[in-house]
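J.: My questions will all concern the structure given below.
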Amino acid sequence: MTPLFLGLSGPLLTDDERALCRAADPAGYIVFTRNCIDPGQLLALTDSLRDLAGRDVPILIDQEGGRVARLQPPHWPLFPAAASFGALYDIAPISAIEAARVNAQAIALTLRAVGVNVDCLPLLDVPQPDGHGIIGDRAYATDPMWVAALGKATLDGLRAGGVCGVVKHIPGHGRARVDSHLDLPVVEASRAELEIDFEPFRTLHAAPMAMTAHVVYTALDPDRCATLSPVVIAETIRGSIGFDGLLMSDDLGMKALGHGSAGSNSVDDFGARALNALDAGCDIALHCSGDFAEMRAIVDAVPQISAEAARRLAAAMAWTTTRDPREIDDLVAKRDALLALT
(Lines give C-alpha, C1' and ligand atoms only; values in the text may rest on other atoms or scores of the structure.)
Protein backbone atom coordinates (compact mmCIF):
# COMPACT_ATOMS: atom_id res chain seq x y z
CA MET A 1 0.00 0.00 0.00
CA THR A 2 1.28 3.47 -0.86
CA PRO A 3 0.69 6.46 1.48
CA LEU A 4 -1.57 8.33 -0.93
CA PHE A 5 -5.15 9.55 -1.16
CA LEU A 6 -5.79 10.09 -4.88
CA GLY A 7 -8.44 11.96 -6.86
CA LEU A 8 -9.89 10.62 -10.10
CA SER A 9 -10.63 12.35 -13.39
CA GLY A 10 -14.33 11.60 -13.83
CA PRO A 11 -17.41 9.56 -12.89
CA LEU A 12 -15.83 6.23 -13.89
CA LEU A 13 -12.38 4.74 -13.47
CA THR A 14 -10.46 4.98 -16.72
CA ASP A 15 -8.38 2.03 -17.89
CA ASP A 16 -5.19 3.96 -17.13
CA GLU A 17 -6.38 4.86 -13.63
CA ARG A 18 -7.40 1.28 -12.95
CA ALA A 19 -3.99 -0.03 -13.99
CA LEU A 20 -2.09 2.62 -12.02
CA CYS A 21 -4.16 2.14 -8.86
CA ARG A 22 -3.97 -1.63 -9.07
CA ALA A 23 -0.18 -1.42 -9.19
CA ALA A 24 0.21 1.37 -6.63
CA ASP A 25 -2.53 0.31 -4.17
CA PRO A 26 -3.13 3.81 -2.74
CA ALA A 27 -4.31 4.03 0.84
CA GLY A 28 -7.53 5.72 -0.30
CA TYR A 29 -9.31 8.06 -2.70
CA ILE A 30 -11.06 11.43 -2.69
CA VAL A 31 -14.08 12.37 -4.81
CA PHE A 32 -15.17 15.77 -6.14
CA THR A 33 -18.20 17.13 -7.98
CA ARG A 34 -16.73 15.89 -11.29
CA ASN A 35 -16.96 12.34 -9.89
CA CYS A 36 -20.52 12.66 -8.54
CA ILE A 37 -23.30 12.60 -11.15
CA ASP A 38 -26.10 10.89 -9.23
CA PRO A 39 -26.41 8.44 -6.33
CA GLY A 40 -26.41 5.29 -8.46
CA GLN A 41 -23.34 6.32 -10.43
CA LEU A 42 -21.41 7.40 -7.30
CA LEU A 43 -22.21 4.19 -5.44
CA ALA A 44 -21.02 2.19 -8.47
CA LEU A 45 -17.78 4.22 -8.50
CA THR A 46 -17.07 3.72 -4.80
CA ASP A 47 -17.90 0.02 -5.11
CA SER A 48 -15.43 -0.26 -7.99
CA LEU A 49 -12.71 1.38 -5.89
CA ARG A 50 -13.27 -1.11 -3.08
CA ASP A 51 -13.29 -4.00 -5.52
CA LEU A 52 -10.01 -2.76 -6.96
CA ALA A 53 -8.43 -2.42 -3.50
CA GLY A 54 -9.85 -5.66 -2.13
CA ARG A 55 -10.65 -3.94 1.18
CA ASP A 56 -12.93 -1.30 2.69
CA VAL A 57 -10.76 1.51 1.36
CA PRO A 58 -11.18 5.06 2.73
CA ILE A 59 -13.08 7.27 0.27
CA LEU A 60 -12.95 10.96 1.18
CA ILE A 61 -14.99 14.00 0.25
CA ASP A 62 -15.18 17.70 1.15
CA GLN A 63 -18.82 17.92 2.20
CA GLU A 64 -18.70 20.82 4.63
CA GLY A 65 -21.95 22.56 3.80
CA GLY A 66 -22.38 26.07 2.44
CA ARG A 67 -20.06 26.87 -0.47
CA VAL A 68 -17.93 23.74 -0.05
CA ALA A 69 -20.20 20.86 -1.03
CA ARG A 70 -19.27 18.26 -3.63
CA LEU A 71 -22.71 16.61 -3.48
CA GLN A 72 -25.34 19.11 -4.56
CA PRO A 73 -29.04 19.32 -5.52
CA PRO A 74 -31.05 17.95 -7.15
CA HIS A 75 -29.71 14.57 -6.07
CA TRP A 76 -28.43 15.57 -2.64
CA PRO A 77 -29.63 18.04 0.02
CA LEU A 78 -28.03 21.37 0.85
CA PHE A 79 -26.34 21.70 4.22
CA PRO A 80 -25.63 25.01 6.01
CA ALA A 81 -22.20 26.60 6.37
CA ALA A 82 -20.39 26.23 9.69
CA ALA A 83 -20.95 29.89 10.61
CA SER A 84 -24.69 29.16 10.94
CA PHE A 85 -23.93 27.11 14.04
CA GLY A 86 -21.69 29.82 15.43
CA ALA A 87 -24.51 32.34 15.05
CA LEU A 88 -26.83 30.06 17.02
CA TYR A 89 -24.13 29.42 19.64
CA ASP A 90 -24.12 33.15 20.38
CA ILE A 91 -27.80 32.85 21.38
CA ALA A 92 -28.19 29.28 22.66
CA PRO A 93 -24.95 27.27 23.02
CA ILE A 94 -26.54 23.94 23.91
CA SER A 95 -28.96 24.17 20.98
CA ALA A 96 -26.09 25.06 18.65
CA ILE A 97 -24.08 22.06 19.74
CA GLU A 98 -27.05 19.77 19.18
CA ALA A 99 -27.78 21.35 15.79
CA ALA A 100 -24.16 20.83 14.70
CA ARG A 101 -24.27 17.23 15.85
CA VAL A 102 -27.48 16.27 14.05
CA ASN A 103 -26.40 18.18 10.93
CA ALA A 104 -23.16 16.20 10.80
CA GLN A 105 -24.99 12.94 11.36
CA ALA A 106 -27.32 13.77 8.46
CA ILE A 107 -24.29 14.54 6.27
CA ALA A 108 -22.73 11.24 7.30
CA LEU A 109 -25.80 9.20 6.47
CA THR A 110 -26.01 10.93 3.08
CA LEU A 111 -22.38 9.99 2.40
CA ARG A 112 -22.66 6.41 3.60
CA ALA A 113 -25.56 5.83 1.21
CA VAL A 114 -23.15 6.39 -1.72
CA GLY A 115 -20.15 4.57 -0.25
CA VAL A 116 -18.19 7.59 1.07
CA ASN A 117 -16.77 6.98 4.55
CA VAL A 118 -14.49 9.97 5.32
CA ASP A 119 -15.54 13.64 5.36
CA CYS A 120 -12.94 16.43 5.46
CA LEU A 121 -14.85 18.19 8.23
CA PRO A 122 -14.77 19.98 10.71
CA LEU A 123 -12.67 23.10 10.13
CA LEU A 124 -11.11 24.13 13.43
CA ASP A 125 -9.57 27.30 11.99
CA VAL A 126 -10.08 30.44 14.09
CA PRO A 127 -10.49 33.33 11.61
CA GLN A 128 -8.85 36.67 12.33
CA PRO A 129 -10.20 40.03 11.07
CA ASP A 130 -7.48 40.39 8.44
CA GLY A 131 -7.61 36.75 7.33
CA HIS A 132 -8.41 35.81 3.74
CA GLY A 133 -12.01 34.98 2.84
CA ILE A 134 -11.10 31.44 1.77
CA ILE A 135 -12.00 30.44 5.33
CA GLY A 136 -14.81 32.93 5.99
CA ASP A 137 -18.13 31.26 6.82
CA ARG A 138 -16.49 27.85 6.64
CA ALA A 139 -15.31 28.60 10.20
CA TYR A 140 -17.69 28.14 13.12
CA ALA A 141 -16.72 31.24 15.06
CA THR A 142 -13.89 33.53 16.12
CA ASP A 143 -13.80 32.24 19.70
CA PRO A 144 -11.56 29.13 19.93
CA MET A 145 -13.72 27.61 22.68
CA TRP A 146 -16.82 27.87 20.49
CA VAL A 147 -14.90 26.37 17.58
CA ALA A 148 -13.81 23.43 19.70
CA ALA A 149 -17.31 22.81 21.05
CA LEU A 150 -18.96 22.88 17.63
CA GLY A 151 -16.11 20.90 16.07
CA LYS A 152 -16.53 18.22 18.73
CA ALA A 153 -20.27 18.06 18.06
CA THR A 154 -19.58 17.69 14.35
CA LEU A 155 -17.09 14.88 14.92
CA ASP A 156 -19.63 13.14 17.17
CA GLY A 157 -22.35 13.45 14.52
CA LEU A 158 -20.14 12.13 11.74
CA ARG A 159 -19.09 9.21 13.91
CA ALA A 160 -22.68 8.34 14.79
CA GLY A 161 -23.50 8.29 11.07
CA GLY A 162 -20.63 5.95 10.24
CA VAL A 163 -18.18 8.47 8.74
CA CYS A 164 -14.67 9.37 9.86
CA GLY A 165 -14.07 13.10 10.43
CA VAL A 166 -10.96 15.08 9.52
CA VAL A 167 -10.01 18.19 11.49
CA LYS A 168 -8.42 20.90 9.38
CA HIS A 169 -6.26 22.87 8.73
CA ILE A 170 -3.83 21.99 11.51
CA PRO A 171 -2.23 23.98 13.16
CA GLY A 172 -4.58 26.74 11.91
CA HIS A 173 -5.38 28.64 8.70
CA GLY A 174 -7.33 31.54 10.23
CA ARG A 175 -4.52 34.12 10.06
CA ALA A 176 -3.55 33.47 6.43
CA ARG A 177 -3.93 36.61 4.31
CA VAL A 178 -3.84 34.80 0.98
CA ASP A 179 -5.58 31.72 -0.38
CA SER A 180 -3.18 28.76 -0.23
CA HIS A 181 -4.83 27.35 -3.36
CA LEU A 182 -3.27 30.30 -5.20
CA ASP A 183 -0.28 31.49 -3.16
CA LEU A 184 1.84 30.70 -0.11
CA PRO A 185 0.51 32.32 3.09
CA VAL A 186 3.11 33.57 5.54
CA VAL A 187 1.87 34.18 9.09
CA GLU A 188 4.13 36.36 11.22
CA ALA A 189 2.23 36.07 14.50
CA SER A 190 4.26 35.31 17.62
CA ARG A 191 4.30 31.87 19.21
CA ALA A 192 2.14 33.22 22.04
CA GLU A 193 -0.42 34.63 19.58
CA LEU A 194 -0.59 31.29 17.77
CA GLU A 195 -1.91 29.64 20.92
CA ILE A 196 -5.35 30.94 19.89
CA ASP A 197 -5.05 28.98 16.63
CA PHE A 198 -3.81 25.84 18.36
CA GLU A 199 -6.49 25.75 21.06
CA PRO A 200 -9.31 23.98 19.15
CA PHE A 201 -6.88 21.41 17.72
CA ARG A 202 -5.40 20.79 21.17
CA THR A 203 -8.87 20.36 22.66
CA LEU A 204 -9.75 17.83 19.93
CA HIS A 205 -6.31 16.23 19.71
CA ALA A 206 -7.91 12.76 19.85
CA ALA A 207 -9.62 13.25 16.45
CA PRO A 208 -9.04 10.31 14.09
CA MET A 209 -7.61 12.31 11.15
CA ALA A 210 -6.21 15.78 10.52
CA MET A 211 -5.24 17.76 7.42
CA THR A 212 -2.25 20.10 7.41
CA ALA A 213 -2.16 23.76 6.45
CA HIS A 214 0.04 24.93 3.57
CA VAL A 215 0.99 27.94 5.68
CA VAL A 216 4.37 29.25 6.84
CA TYR A 217 4.42 30.26 10.53
CA THR A 218 7.59 32.28 10.96
CA ALA A 219 7.58 31.74 14.73
CA LEU A 220 7.67 27.97 14.20
CA ASP A 221 9.64 27.46 10.97
CA PRO A 222 10.41 30.52 8.83
CA ASP A 223 11.50 28.47 5.83
CA ARG A 224 8.83 25.81 5.29
CA CYS A 225 5.07 25.61 5.39
CA ALA A 226 3.55 23.27 7.98
CA THR A 227 2.94 20.49 5.46
CA LEU A 228 6.64 20.34 4.57
CA SER A 229 8.11 21.17 7.98
CA PRO A 230 9.48 18.40 10.21
CA VAL A 231 9.76 21.05 12.92
CA VAL A 232 6.10 22.10 12.82
CA ILE A 233 4.85 18.52 12.57
CA ALA A 234 7.07 17.08 15.33
CA GLU A 235 7.16 19.99 17.77
CA THR A 236 3.76 21.60 17.28
CA ILE A 237 1.28 19.16 15.70
CA ARG A 238 2.54 15.98 17.36
CA GLY A 239 4.14 17.78 20.31
CA SER A 240 2.43 20.87 21.71
CA ILE A 241 -0.99 20.12 20.22
CA GLY A 242 -0.67 16.40 20.97
CA PHE A 243 -2.35 15.03 17.84
CA ASP A 244 -1.55 11.34 17.30
CA GLY A 245 -4.10 10.39 14.64
CA LEU A 246 -3.62 10.03 10.90
CA LEU A 247 -2.02 13.18 9.48
CA MET A 248 -2.61 13.91 5.80
CA SER A 249 -1.33 16.78 3.73
CA ASP A 250 -3.65 19.27 2.13
CA ASP A 251 -3.78 18.93 -1.66
CA LEU A 252 -0.38 18.63 -3.32
CA GLY A 253 -1.74 20.56 -6.29
CA MET A 254 -2.25 23.82 -4.42
CA LYS A 255 0.01 26.62 -5.60
CA ALA A 256 1.30 27.27 -2.08
CA LEU A 257 3.56 24.27 -2.65
CA GLY A 258 4.99 25.81 -5.83
CA HIS A 259 7.10 28.19 -3.77
CA GLY A 260 10.54 27.98 -2.18
CA SER A 261 11.67 24.55 -1.05
CA ALA A 262 8.59 22.95 -2.59
CA GLY A 263 9.86 23.72 -6.07
CA SER A 264 7.97 24.68 -9.21
CA ASN A 265 4.48 23.86 -10.44
CA SER A 266 5.75 21.44 -13.11
CA VAL A 267 4.46 17.89 -13.36
CA ASP A 268 7.91 16.57 -12.46
CA ASP A 269 7.72 18.43 -9.16
CA PHE A 270 4.70 16.51 -7.86
CA GLY A 271 6.70 13.48 -6.83
CA ALA A 272 9.03 15.74 -4.84
CA ARG A 273 6.09 17.44 -3.16
CA ALA A 274 4.66 14.11 -2.04
CA LEU A 275 8.01 12.83 -0.82
CA ASN A 276 8.75 16.09 1.03
CA ALA A 277 5.39 15.93 2.83
CA LEU A 278 5.96 12.34 3.88
CA ASP A 279 9.54 13.04 4.95
CA ALA A 280 8.30 15.95 7.04
CA GLY A 281 6.03 13.62 9.00
CA CYS A 282 2.71 13.43 7.14
CA ASP A 283 1.31 9.89 7.12
CA ILE A 284 -0.51 10.38 3.80
CA ALA A 285 -0.03 12.71 0.83
CA LEU A 286 -3.27 13.98 -0.76
CA HIS A 287 -3.56 14.62 -4.48
CA CYS A 288 -6.92 15.86 -5.72
CA SER A 289 -6.91 16.94 -9.37
CA GLY A 290 -7.13 13.55 -11.07
CA ASP A 291 -4.40 14.68 -13.50
CA PHE A 292 -2.93 11.37 -14.61
CA ALA A 293 0.61 12.60 -15.33
CA GLU A 294 0.81 14.14 -11.84
CA MET A 295 -0.57 10.97 -10.27
CA ARG A 296 1.98 8.83 -12.05
CA ALA A 297 4.83 11.10 -10.90
CA ILE A 298 3.62 10.87 -7.32
CA VAL A 299 3.17 7.10 -7.40
CA ASP A 300 6.66 6.67 -8.83
CA ALA A 301 8.20 8.81 -6.09
CA VAL A 302 6.71 7.52 -2.85
CA PRO A 303 7.68 4.47 -0.78
CA GLN A 304 5.32 1.96 0.77
CA ILE A 305 3.27 3.21 3.69
CA SER A 306 5.08 3.08 7.03
CA ALA A 307 3.95 0.71 9.76
CA GLU A 308 3.02 3.66 12.00
CA ALA A 309 0.98 5.35 9.28
CA ALA A 310 -0.80 2.07 8.53
CA ARG A 311 -1.61 1.71 12.22
CA ARG A 312 -3.03 5.21 12.38
CA LEU A 313 -5.08 4.63 9.23
CA ALA A 314 -6.58 1.42 10.63
CA ALA A 315 -7.39 3.13 13.93
CA ALA A 316 -9.12 6.01 12.14
CA MET A 317 -11.26 3.73 10.03
CA ALA A 318 -12.26 1.73 13.13
CA TRP A 319 -13.43 4.93 14.87
CA THR A 320 -16.91 5.07 13.33
CA THR A 321 -20.26 3.47 14.03
CA THR A 322 -23.09 2.95 11.54
CA ARG A 323 -26.72 4.13 11.66
CA ASP A 324 -29.82 3.71 9.53
CA PRO A 325 -29.90 6.13 6.52
CA ARG A 326 -33.67 6.49 7.00
CA GLU A 327 -32.92 8.80 9.94
CA ILE A 328 -31.77 11.62 7.62
CA ASP A 329 -35.14 13.41 7.31
CA ASP A 330 -35.72 13.42 11.07
CA LEU A 331 -32.22 14.77 11.70
CA VAL A 332 -32.57 17.54 9.12
CA ALA A 333 -35.95 18.58 10.54
CA LYS A 334 -34.46 18.72 14.04
CA ARG A 335 -31.48 20.77 12.83
CA ASP A 336 -33.69 23.24 10.96
CA ALA A 337 -35.86 23.76 14.01
CA LEU A 338 -32.79 24.55 16.10
CA LEU A 339 -31.28 26.91 13.51
CA ALA A 340 -34.59 28.74 13.29
CA LEU A 341 -33.83 30.10 16.77
CA THR A 342 -31.45 32.60 15.14
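J.: Here are the criteria: (1) of a type in the set (A, V, I, L, M, F, W, C); (2) modelled with pLDDT under 95; (3) in a helix (DSSP H, G or I); (4) over 25 Å from residue 207 (Cβ atoms). Tell me which single one residue 275 does not satisfy.
T.: Failed condition: (2).
J.: Quick check: is even one residue across the stretch 25-46 under 29 Å from residue 134 (Cβ atoms), surrounded by fewer than 19 Cβ atoms within 10 Å (Cβ to Cβ), in contact with a helix residue (DSSP H, G or I) (Cβ under 7 Å, 6 or more places away or on another chain) and among the small types (Gly, Ala, Ser)?
T.: Residues of the stretch 25-46 under 29 Å from residue 134 (Cβ atoms): 26-37, 42, 45-46.
Narrowing the set further to residues that are surrounded by fewer than 19 Cβ atoms within 10 Å (Cβ to Cβ) leaves 32-34, 37.
With in contact with a helix residue (DSSP H, G or I) (Cβ under 7 Å, 6 or more places away or on another chain) added as a condition, the list becomes none.
No: zero hits.
J.: Can you report the number of residues in the stretch 116-125 which are among the charged types (D, E, K, R) and assigned to a loop (DSSP other than H, G, I, E, B)?
T.: Just the residues of the stretch 116-125 that are among the charged types (D, E, K, R), to begin with: 119, 125.
Imposing the further condition that a residue be assigned to a loop (DSSP other than H, G, I, E, B) reduces the set to 125.
Residues in the stretch 116-125 being among the charged types (D, E, K, R) and assigned to a loop (DSSP other than H, G, I, E, B): 1 in total.
J.: Within the stretch 239-269, take every residue that is assigned to a helix (DSSP H, G or I) and at pLDDT 95 or above and give me the one that is surrounded by the most Cβ atoms within 10 Å (Cβ to Cβ). First the steps, then the outcome.
T.: If we filter the stretch 239-269 for residues that are assigned to a helix (DSSP H, G or I), which is where we start, we get 239-240, 255-258, 260-262, 269.
When the remaining residues are screened for being at pLDDT 95 or above, the result is 239-240.
On the way: 239: 12, 240: 18.
Result: 240.
Results for (1) among the hydrophobic types (A, V, I, L, M, F, W, C); (2) not in a loop (DSSP other than H, G, I, E, B), shown as yes or no for each residue.
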{"position": "52", "(1), (2)": "yes, yes"}
{"position": "57", "(1), (2)": "yes, no"}
{"position": "73", "(1), (2)": "no, no"}
{"position": "76", "(1), (2)": "yes, no"}
{"position": "81", "(1), (2)": "yes, no"}
{"position": "84", "(1), (2)": "no, yes"}
{"position": "94", "(1), (2)": "yes, yes"}
{"position": "101", "(1), (2)": "no, yes"}
{"position": "106", "(1), (2)": "yes, yes"}
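J.: Does the stretch 126-143 contain at least one residue that is assigned to a helix (DSSP H, G or I), among the small types (Gly, Ala, Ser) and more than 30 Å from residue 21 (Cβ to Cβ)? It would help to see each step written out before you state the result.
T.: Filtering the stretch 126-143 for residues assigned to a helix (DSSP H, G or I) gives 136-138.
From the residues that got through so far, the ones that are among the small types (Gly, Ala, Ser) too are 136.
If we keep only those that are more than 30 Å from residue 21 (Cβ to Cβ) as well, we get 136.
Looking for residues that are assigned to a helix (DSSP H, G or I), among the small types (Gly, Ala, Ser) and more than 30 Å from residue 21 (Cβ to Cβ), one finds at least one in the stretch 126-143, hence yes.
J.: Please give the helices (runs of 4 or more DSSP H) falling wholly within the stretch 282-342 in which 1 or more residues are closer than 24 Å to residue 235 by Cα and acidic (Asp, Glu). Spell out how you get there, then give the answer.
T.: Details: elements: 292-301, 307-317, 328-339.
Because the criterion is at least 1 residues that are closer than 24 Å to residue 235 by Cα and acidic (Asp, Glu), the helices (runs of 4 or more DSSP H) in the stretch 282-342 that meet it are 307-317.
J.: Scan 27, 44, 19 and give me the residue that is closer than 18 Å to residue 300 by Cβ and in a helix (DSSP H, G or I). Spell out the reasoning first.
T.: Details: 27 fails: in a helix (DSSP H, G or I); 44 fails: closer than 18 Å to residue 300 by Cβ.
Within the list 27, 44, 19, the selection yields 19.
J.: As an exercise: evaluate residue 143 against (1) over 30 Å from residue 46 (Cα atoms); (2) among the charged types (D, E, K, R); (3) crowded, with 24+ Cβ neighbours inside 10 Å and give the number of the one condition it does not meet.
T.: So residue 143 meets the others, but not (3).
The values are calculated or read from the model by the stated rules, or taken from the named source; none is laboratory data. Only a predicted model underlies this, so the values are computations on that prediction, with no experimental measurement involved. With ideal geometry, Cβ positions are generated from the backbone for all residues, glycine too; neighbour counts draw on all protein chains shown.
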